[in-house]
1. Which is at negative phi and modelled with pLDDT under 95, of A:105, A:88, A:75, A:79?
2. Please work out which residue is surrounded by the fewest Cβ atoms within 10 Å (Cβ to Cβ), limiting yourself to region A:238-257 and to residues that are in contact (Cβ under 8 Å) with a residue 60 or more places away in the chain and assigned to a strand (DSSP E or B).
3. In this structure, is residue A:62 part of a loop (DSSP other than H, G, I, E, B), within 7 Å of another protein chain (Cβ to nearest Cβ) and surrounded by 19 or more Cβ atoms within 10 Å (Cβ to Cβ)?
4. Looking only at residues in region B:160-178 that are facing another protein chain (nearest Cβ under 9 Å) and surrounded by fewer than 20 Cβ atoms within 10 Å (Cβ to Cβ), which one is nearest to residue B:236 (Cα to Cα)?
5. Need the failing condition index for residue A:201 against (1) touching a residue at least 12 places away in the same chain (Cβ under 8 Å); (2) surrounded by fewer than 21 Cβ atoms within 10 Å (Cβ to Cβ); (3) in contact with a helix residue (DSSP H, G or I) (Cβ under 8 Å, 6 or more places away or on another chain), just the number.
6. So residue A:97 fits all but one of (1) assigned to a loop (DSSP other than H, G, I, E, B); (2) in the same structural domain as residue A:416 (by the TED database); (3) under 30 Å from residue A:291 (Cβ atoms); what number is the exception?
7. Consider residue B:394 against the criteria (1) farther than 30 Å from residue B:100 by Cα; (2) in contact with a strand residue (DSSP E or B) (Cβ under 8 Å, 6 or more places away or on another chain): it satisfies all of them except one. Which criterion is unmet?
8. I'm told residue B:269 meets every condition in (1) surrounded by 23 or more Cβ atoms within 10 Å (Cβ to Cβ); (2) in contact with a helix residue (DSSP H, G or I) (Cβ under 6 Å, 6 or more places away or on another chain) except one. Can you identify the failing condition by its number?
């Protein structure tokens, strides 16, 4: 060897590697999977931040630790984490632990690649294409484009960026200063990522025109017309409408057909933020809620929400067949997207995104779909609707449940500190704080809903 | 039950869930970990796209499949994927499989949460803070801010957005049209994400002023001065310089102290794209390459590259202590960031980012660090430098290696189709195609470097 300072290969003992991973996997199965999804265990073990810091001993030192210590740390991390796969976890728009999805995620992590080129991600480049094709077919498109993004917020941003690029391709090079003032439209019930996106993309939040919603949270198409006229009168150029299929707080589905009519009349890009509601397209019974979605230019759909595919799995789907994604985002880096390769470089999809390296988000959804079939996934959606209906009927039977909204923060503190369940709350319009019940966990039963109602009564009985 | 259509709980059999996951984990250990990191196995099993589609049977159907079929699918996915943990994988700026990081990633996947609030990610909110603090300390900052982003490209975008917001807070609301034309500066060797970011953020690529680099790929500070003057003369307002610590093709480290002097003189935000080179800060021997980094306003550092923490682990670090991140990106969504919570809501860090849900990227790095200690990680960096040096010395001893650059695409095709190794190539400046050797895999030895050189000779012996 030329250099005596060279070390022996570190961490290269295959037996030790396998033993560690087997041990950790055993802990995961016991603590995160078996206990983490068991209704008889706590959904969280609440600790005050300062106490938790002590318990976790977070500080990073010079010296490494023994295998035993590391395994103890793995147990502690799981123990004090919230169990989002638990049947009493209703706190976010995701819940539940799908075993096939988790299997896909473990394989993804072990393969650790990035789907920018066919060369280093042959399986996943082809698989992403197939999964996106399937999602597009459910939207109603026989062709198109798309990509997985790191979350629905970024999918929504992509849509805004694509819409402005399509109208003003100059923008990529010359920037927004070369353009007239732009206006985009969304309802007051939209996800906050539309505002975040407008700011990030340099449009500014002033460019977001807020359209009224009805009492159920649906965008009012007549007000959309009015807002478009107003914006034009102020000298702005309308370019995009972002409708929502499944709003964050009320779960409302905007009337897409009526909105598409308005977009068609004014030549506007129609984006549908179906991050939450997109999965309803799998249900023959309920997909009418998204009637008209096939008229959209772009759709954001997060299978990590209602399908429990695991964070993150967010598809941006496009009706476009003109390679808009690559034209808008591409920069043909010579070290990655060489044109003198020995295979069809159209398979190098990495230049469609504004990331460079990105995670493989298709395998978990693909494997779950292969295992459950479209039918199995459809049943989950129908089950969620049936349980939500059951919840509504049960609430009607119980006295005093309207009062809950005034004491939501107190009930929330009690449930978290006891670890019995987790539900999100928020104010809305003229209403004070109320609990937002998210029915997403695919293993949920009526018994879990009964527990929830009884537990709310129990936690609040002295209030 | 109120609704007779309710199904029995699907997928709720805990024994079946555990059996599936145990079986899949067994396949992962055999195929991805044992064989995937063994030098006696292929680094990839090349298939033409059409053949691979047939082999994988990608189509998603209505009917679900049996457990056996699913396990067979898991095997096929791993078999035809590139083994990025293999000692002959030199193709990207990441390589190798760290067992502790993988353990952390498996736990992360099983817990499936998003670090937006302390409420649903208590462990990871505190852990992210601690890990970022440690990375900042290595930069040379005793205070500051930061966040993990989905990749270095988005970290770089954040820096650009923060710099313009700091100078023009109005931009968030009023957009770029309210601002003078802006200019940012980076060298011709910079990562392509700077251009992608400028386009995405609405600045346009014209706002990116290219500074000359010397023959080793380092930015020339005198030319930076010149470009700033030129931009000002053209009526643009300079606001940011993006220096690079570890360029993508040549691995060059820009002279940060000299660049910081220029920034100081002109009142410009200094961003350092240390996605590749940041990990060198762990080495007492080599960290001088980043001298001056403590004078930066922001640093992007990807531990998923040289530290093999797994895709993705990309930290954006800030010297700022004025809550700039939250002010720039925050929107205080009422359903997530309630202010009437029962704990300190400063722990709800989710409003620092433009994503809503985002992945937990800290645990894999934290666990690896706990296991290896800072010393163990330092040894890895030193080992990588020693191996790179060994490679250079060995190349000097061999005849004919300059000729390689002309035949790189042919050698690449041969090595991939044989599956013996993977190295990236590209042209650069006046040079034709040449191989870019990335020494990143922590288990690499001199024998692997010898293999590489012998294999290049063998593959090219008839050329």
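The values are calculated or read from the model by the stated rules, or taken from the named source; none is laboratory data. What you are looking at is a predicted structure, and each value in this text was computed from that prediction instead of being measured. Glycine also receives a Cβ, built like all others from the backbone with ideal geometry; neighbour counts cover every protein chain displayed.
1. Numbers: A:105 fails: modelled with pLDDT under 95; A:75 fails: modelled with pLDDT under 95; A:79 fails: modelled with pLDDT under 95.
Exactly one of A:105, A:88, A:75, A:79 is at negative phi and modelled with pLDDT under 95, namely A:88.
2. The qualifying residue surrounded by the fewest Cβ atoms within 10 Å (Cβ to Cβ) is A:239.
3. Working: part of a loop (DSSP other than H, G, I, E, B): yes; within 7 Å of another protein chain (Cβ to nearest Cβ): yes; surrounded by 19 or more Cβ atoms within 10 Å (Cβ to Cβ): no.
No; evaluated as a whole, the condition is false for this residue.
4. Selected residue: B:178.
5. Among (1) touching a residue at least 12 places away in the same chain (Cβ under 8 Å); (2) surrounded by fewer than 21 Cβ atoms within 10 Å (Cβ to Cβ); (3) in contact with a helix residue (DSSP H, G or I) (Cβ under 8 Å, 6 or more places away or on another chain), residue A:201 violates only (2).
6. (3)
7. It fails just one condition, (2).
8. The one condition residue B:269 does not meet is (1).
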